[in-house]
Structure formats: structure tokens, C-alpha cells
Amino acid sequence: MPKATWGDFSSEDIDKAEQREGFTPYSGLLPRAGLYRFTAKFMKKGVSSTNNPKLQILWELDGSWKPEHKKFDGCPLWDNMPVVKSTAWRVRAFCEALGLSSKEFHSRIITDDDGKVTKLGSLGDPAGLQVYVNVSQRPASEGYDASLQLNGSGYLPIDDDDVEDAAEAADDADDDADDDGEAPF
């Protein structure tokens with residue numbers, strides 16, 4: 001049997017590699033479509049496969065918001081948000097949900113040499129920021145497990161007083177949808 005080779009990639013490269021910052025593997029169930037609170041783990045400026053700028057964001061579901069969300073605590077939501085004119089509506093929803101002005105987004109995001117966002121305008125370090133996001137399940141596809149995805153722009157500009165109303169509306173919409181419920185990761 002032939003042995004797999006990996007070019008100049010060696011076992012020493014694996015041993016020396018740093019663990020991915022801020023990511024904890026999740027093996028729980030996916031929540032049903034609806035409104036959930038998420039906490040930012042990290043943000044990074046990147047480039048898409050079509051060479052467009054994007055903001056890569058790892059959110060983790062905060063299971064402490066509602067008792068029925070506890071079992072989904074830590075469920076990841078990856079957002080690779082393109083930052084181009086045709087997706088300005090998504091960037092706007094993101095900014096509004098965090099209380100970030102368009103000018104701050106455009107000119108006051110600071111990154112390190114690797115593109116990791118170290119300062120998100122007046123909000124400072126983005127790690128730990130919380131936001132409410134409307135999500136649905138993305139089914140498993142070739143090479144990828146089932147996961148969460150944004151519904152529309154996903155990000156909701158909600159005051160704490162309005163959170164319950166928005167959650168009830170999302171729950172009502174979910175009840176009307178044909179959803180299979182929870183899915184294993």
C-alpha cells in the first residue's frame with residue numbers, strides 16, 4: 001500500500017502548531033431555527049476565494065440567556081461576512097446590532113499582523129461582545145457537518161427591553177416553519 005505524503009508538511013509542523021485561539025470543539029445538538037444570544041470569540045480580517053475582503057467571525061451561543069438554550073451553550077456560528085458594496089446590507093445589520101457606526105467600521109478597526117481584530121472601533125476588543133442573531137440550520141453537505149447559519153442578515157439591533165418580543169416573534173415564525181428540530185453536529 002502506498003503511504004500518503006504531504007509535501008514539505010511534517011509531524012514536527014503539527015507538534016509545533018499553536019491551538020486555534022478561542023475555539024472549543026462542539027459536539028452537541030444544533031438548536032432549532034430562532035433567535036439566540038451569541039458571544040464573539042474572535043474576529044479576523046480575511047480575503048474570500050474571489051479575492052474580496054471579508055470579516056471572519058466566530059460566535060458561540062450563550063446558553064445562559066434562556067433556560068431552554070442551556071443545552072446549546074457553546075454551539076458555534078461562523079460568519080464569513082463579505083465586505084463589498086453588494087453586501088453592504090449585511091455589514092449595516094452587523095454594525096447596528098453592535099452599536100457600531102459605519103465610520104467606525106470603515107476606518108476604526110485595528111488588526112494585528114495576522115489580521116486578527118484587536119479593536120472594533122469604540123467597542124474595543126471584540127472578544128466577549130454579545131449580539132442577538134436569528135439563525136437556522138444548514139444541513140450537512142459533502143465534507144461539512146450540519147451547522148448554524150444566519151437567517152437573512154441575521155444580526156438584530158435590539159434593545160434589552162425588546163429582546164423578549166423579538167424572541168417570541170422568532171419562536172412563532174419557527175413554529176410555522178417545517179423544521180426538523182434539533183440535529184446532531
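We did not get these values from a lab; they are worked out from the coordinates using the rules stated. Quantities reported herein were computed from a predicted structural model and do not represent experimental measurements. A quick note on method: Cβ atoms are made from the backbone with ideal geometry, for glycine too, and the neighbour counts reach across all protein chains shown.
Inter-label distance, T39 to S102: 3.3 nm, where each label sits 7 Å from its Cα along the C-beta direction. When W59, W89, W78 are sorted by how many other C-beta atoms sit within 10 angstrom of their C-beta, beginning with the fewest, the order is W89, W78, W59. Taking other C-beta atoms within 10 angstrom as a stand-in for reagent exposure, E104, E68 fall in the order E68, E104, fewest first.
Straight-line cross-link reach from K116 at under 16 Å between alpha-carbon atoms covers these lysines, not counting any fewer than eight positions away in the same chain: K41, K44, K45, K54. Listed by Cβ neighbour count within 10 Å, with the fewest neighbours leading, R108, R37 appear as R108, R37. Under 5 Å between amide hydrogens, built in the peptide plane, is the criterion, and for C75 it picks out L61 among residues at least 5 positions away or on other chains.
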